[in-house]
Each structure stands twice: as structure tokens, then as C-alpha cells.
1. Quick check: anything in region 100-118 among the charged types (D, E, K, R), touching a strand residue (DSSP E or B) at 6+ places or on another chain (Cβ under 7 Å), within 29 Å of Val326 (Cα to Cα) and surrounded by 19 or more Cβ atoms within 10 Å (Cβ to Cβ)?
2. Looking at the structure I just gave you, is Val159 touching a residue at least 24 places away in the same chain (Cβ under 8 Å), of a type outside the set (Phe, Trp, Tyr) and under 20 Å from Ser7 (Cα atoms)?
3. Taking the options Gly252, Gly238, name whichever one is out of contact with any Cys (no Cβ under 7 Å at 6 or more places or on another chain) and either within 21 Å of Ile154 (Cβ to Cβ) or surrounded by fewer than 21 Cβ atoms within 10 Å (Cβ to Cβ) (or both).
4. Name the single residue, out of those in region 149-163 being among the hydrophobic types (A, V, I, L, M, F, W, C) and not in a helix (DSSP H, G or I), that is farthest from Leu120 (Cα to Cα).
5. Which pairs turn up if I take residues in region 271-297 that are aromatic (Phe, Trp, Tyr) and look for partners that are crowded, with 21+ Cβ neighbours inside 10 Å and not in a helix (DSSP H, G or I) with beta carbon separation below 7 Å, at least 6 apart in sequence or on another chain?
6. From the list Ala36, Ala19, Ala23, Ala51, which one is of a type in the set (Gly, Ala, Ser) and at pLDDT below 65?
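The values are calculated or read from the model by the stated rules, or taken from the named source; none is laboratory data. Remember, predicted model here, so these are calculated numbers, not experimental data. Heads up, the Cβs are rebuilt from the backbone with ideal geometry, glycines too, and the neighbour counts pull from every protein chain shown.
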Amino acid sequence: MTSYFNSLEPDSLVQQFLAHPPAQFEAFVSPEGAPAFSTRFDLLTTFDKQARRRLMGLPLYRHWRKLLCPRTCFVGTTVSEYALFPPHVAPASLVAALKERYADEYPFLIIKDVPQSSPLLDAASNAHACALLAACKAAGFVLLEGQALAYVTIDFASVDAYISRLSAGRRKEIRRKLRLREALQIEAVPTGSGRFDIPAVLDEYYALYLNVFRQSEIHFDLLSADFFRALLQDASSGGIVFEYRHEGELIGFNLCFRSGGKLIDKYVGFRYPDARALNLYFISWFHNLAYALENAMTHYVAGWTDPEIKAYLGAQFTFTRHAVHVRNGLLGAILRRFARWFESDREWHEGHADDVPGRP
């Protein structure tokens, strides 16, 4: 049973985040019981790409760029889909306590990834999140639209039936890409397996994770080798690792968690260029759907990144909001004025509403 409102993941994942935070992070739990962390935050991380380029072209940008990376306190984690709130503290009391404790100490206080009527959560969590956002607004926080969380409802009889819901063009391309499945050997390995006691195996996994991290557009939370070791060696978490091999060589892995009747997709590692040549992203997506279906799960939760390709593959989306308190009143006014520039996923979703199916 989870210790928090909004939790989709096992509590042990959060505990590993607190014990082994990402590089340059300080992770902690507020006295009220909310997981949190602090770090220097690049305010342009979720900035609209075109606006970012215009900003970078301004005079002397490289000299004042550091002003856009203030020390920031985040309420939430980078390993949970949503901010996690203690069930014994009322929303207004929690917001007041967090503001009193951290708003003067940090230039920015951000309560991140608060769900908005999430279909993945129960009514109690959604009602609590709604009340918390109202309390944040009353306390002077700026509310920003968050990222697009992709998921698939497992309401189909087979993967072929799922694919048949997609457009003719997508069906043809996806089936072509999936033909390379025959060239792969796929094995499901539970976390806690003895193979994860072997240092060389852990080193290989971490190297494949770093490959993906380095080619990503967003470099926010660099997870540590100790974090991965702890996750892979934890037999109690419900973790399952799908290993993808080609001619005996590990070319990719996908670490997921089985929690609350859902398959939660968390971390991948790829060996390039092999993973791209063998369409591993596409193959792993449909392998996960098949696994969720075979194990009578209700949802496959596919995470925040790459919404365009996930929409192409038939994902549905649910959004969060971030509540931002800015210590400097002038900066706060500027944030309100330009809030839409920080909401690229929402603008993408609204601009492509006809391309994103309500159901896959």
C-alpha cells in the first residue's frame, strides 16, 4: 500500500531516489512528509523551442545566462509520475507549511507535476490535487501547465486489435518495423535476480542508460550508478527488466514496475546504432502492451518524454500543473506574463488534437 496521494509507483522507488539522488541534487522529505529536492534549475528546460532560440540570440546572453539557473526547491521527485503528498495533511495546511519553510530560502519554490483529473488515479487523489492547486493559487503561486504523461488503457483483446485502431498509414509502417522482432531475443528478468549482483552487468546497464541520457534534448536529472544498482537489486519492488539481445549482445533494456494493476515504464538503455537499426523503441512499446495484456493489467504508463512518437503509437495523454512561487515580485510578474512559453507540451497537444486519438 502506498504512503502517498498520487503514487503510481512502489514506495521503494521513492526511497531509492532519496537515498541516491541524481547528480547535483539534494533530496529530502519535508517535515510534513512530502518528498522533495533542491538543485540549480535551468528555467529554459521546458521553454518553447523557438522562444528559447530568440532568447539565446540576445546581446551578451552568455554573460547573464547563469541568472536563469537559480537554486530551486522542488516538491516532488523525478522518479514518480506525480508529486507525492502525505495523506494526513490537508492541502491548505501543506501549501502554507511549504511556503513558510522554503519560499524565503529559495528564489523559486515549485510544486511539480500535480495531477489534473488523472484517469490513472483514484477519486481521493484527484480531489486532493484539485484542492492543493486551489490552495497554491490562493497563496500566490503561479500555475503552469505541465508535461504530457502518455498512457494506454488496456481495453483491447490483442496487440493486433490495438494496431487495427490506428490509421492505415501507421498500421503499415508499424507492422513493417515489427518484423525485426524476429531478430531479437527478449527476456523478462525480475529485479533482485542474481545477475544484478555481477558488477560487469551493472556497468553495462548503466552505460546503456547514459547513451540515452546523452542523446536526450533535456538533461535535468542524471541518475547515478548507485541508484540503478539499488533498483536492480531490489526484489521487493515489483520491478521487471526486459532485456533485448541481438546475436547474444545486449542492445537495450527497459525497466518497468508492476504496481496497482498498471505497468509503469521507467527507464531504458540502448546501444546505438544497433537499437535504432533494429527498431527497438517500436518493438519495446508493443512488447510492453503485450505483457500488460497477458498479465491482466489496466494501463500501460509510458512516461513524459517524446509525446509526438507516443501519440503516433496510439497513446492517450493526461496533464499536470506546476505551482511556482517566485521570491522576487518582478520575476513573478514576468512569469505570469510569459507563462505560455513554459507550456510547450500543452501547446503541442492542442495544436495536434486531430492527430492524437482519444483512444488508441
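1. So far as region 100-118 goes, yes, one or more of its residues are among the charged types (D, E, K, R), touching a strand residue (DSSP E or B) at 6+ places or on another chain (Cβ under 7 Å), within 29 Å of Val326 (Cα to Cα) and surrounded by 19 or more Cβ atoms within 10 Å (Cβ to Cβ).
2. It is false that Val159 is touching a residue at least 24 places away in the same chain (Cβ under 8 Å), of a type outside the set (Phe, Trp, Tyr) and under 20 Å from Ser7 (Cα atoms).
3. Values: Gly252 fails: either within 21 Å of Ile154 (Cβ to Cβ) or surrounded by fewer than 21 Cβ atoms within 10 Å (Cβ to Cβ) (or both).
Result of the check over Gly252, Gly238: Gly238.
4. Restricting to residues being among the hydrophobic types (A, V, I, L, M, F, W, C) and not in a helix (DSSP H, G or I), the top hit is Ala157.
5. Here the result reads Trp285/Leu313; Tyr291/Leu263, each pair linking region 271-297 to a residue that is crowded, with 21+ Cβ neighbours inside 10 Å and not in a helix (DSSP H, G or I).
6. The match here is Ala51.
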